[in-house]
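Below: one structure, written as structure tokens.
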Amino acid sequence: MTQTLTVLAAAGLLAACGSESGSGDGGSDKAGPGKGGSEANLTGVRWNVVSLTVDGKKQQAPEGAYVRLGGKGGTGGNFGCNGYGAKVSVKGDTVHFKPGVHTDMACDALDFEQRLARALDGKLKAGVDDDRLTLTNAKGDRIALSSAPAKPAAPLQGTRWTVHTVGERATAQSLPKEVAGKVDLLFGADGTARGNLGCNDFTAKATPRDGEITLGAPRTTRMMCAGAKGKTEKTMLKLFAGKVTYKVDDRTLTLTATDDGTTVTARAPHPK
């Protein structure tokens, strides 16, 4: 079972984890020629993280990682799985990040998130070249970002969402290997939801409206399951017969039960 995220002290939560789309695929590991950053061309922009270079080792960013440096939309972003907020000041070509708060979900990209959080801690030099931004810290670590338009977010309805984590808001964990990739949700335009809960298939009424989905009691197949399958299904069933809030961020769907805080994240397949 993937360990929970514990080392994101650098830049912190949720100030800008809205339902905007995009993770750009441009970017560079070098600052643009003769174009330093400034508050005017850095703030109020969603900068999608493209790659991270630490100690000479380059890593491509997971889909959905982004940074927003204040302005309209606030300050914060997403490390690739966990959302964060931060206090950020921009003076000339220097960006100063101050620690904030963050979500603490288990993530496949845990190593990348920790490295990105550490790289964003303190003062960084900014270099801008058109739609590309490079942030470089005192150690020489570089974060390549892009503001290039990204692909539209996956639609709630008609997308087969593969469940990635389940649990409470602050303790959601990746699915055990026994059920990873097998639990899914499909919301139809006909007002229904169907899929797999970890053991049994299900169908239920599903009415989305204003950021909430009213889910009816599910009708399921009748298999008996123990272990990881049974435990996962028990948690998934807490979403039904009530309301859940939903948020789509790029190709990630987050569902949270309004009564007890049960949280599920799911991902859409990459477009072909």
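Can you tell me which residues in the stretch 113-132 are under 20 Å from D249 (Cβ atoms) and at pLDDT 90 or above?
Residue satisfying the conditions is L116 alone.
Considering only residues that are within 24 Å of V67 (Cβ to Cβ) and touching a Lys or Arg at 6+ places or on another chain (Cβ under 8 Å), which ones fall in the stretch 257-270?
Matches in the stretch 257-270: T263, R267, A268, H270.
Pick from G44, G76, G27: which is open to solvent by less than 40 Å² (accessible area, probe 1.4 Å), part of a loop (DSSP other than H, G, I, E, B) and modelled with pLDDT of 70 or more?
Of G44, G76, G27, the one residue that is open to solvent by less than 40 Å² (accessible area, probe 1.4 Å), part of a loop (DSSP other than H, G, I, E, B) and modelled with pLDDT of 70 or more is G44.
I'd like to verify a number: residues in the stretch 236-265 that are of a type in the set (A, V, I, L, M) and under 10 Å from the mean Cα position of the chain (by Cα), how many?
Of the residues in the stretch 236-265, 2 are of a type in the set (A, V, I, L, M) and under 10 Å from the mean Cα position of the chain (by Cα).
I'd like the full set of residues that are open to solvent by less than 20 Å² (accessible area, probe 1.4 Å) and more than 22 Å from the chain's Cα centre (by Cα), limited to the stretch 148-196.
Correct list: G188, A193, G195.
Considering each residue of the stretch 216-272, count those that are part of a loop (DSSP other than H, G, I, E, B), more than 20 Å from C199 (Cβ to Cβ), without any contact (Cβ under 8 Å) to a residue 60 or more places away in the chain and touching a strand residue (DSSP E or B) at 6+ places or on another chain (Cβ under 7 Å), and give that number.
Final tally of qualifying residues: 2.
Failed condition for G198, given (1) modelled with pLDDT of 95 or more; (2) in a strand (DSSP E or B); (3) not aliphatic (A, V, I, L, M), with all others met?
Condition not satisfied by G198: (2).
The values are calculated or read from the model by the stated rules, or taken from the named source; none is laboratory data. Small disclaimer: the values here were computed from a predicted structure and weren't measured. Note that we place each Cβ from the backbone using ideal geometry, even for glycine, and neighbour counts take in every protein chain shown. To get the accessible areas, we keep the full protein, side chains included, count just its heavy atoms, and leave off ligands, DNA and RNA. Shrake-Rupley method; radii C 1.70, N 1.55, O 1.52, S 1.80 Å.
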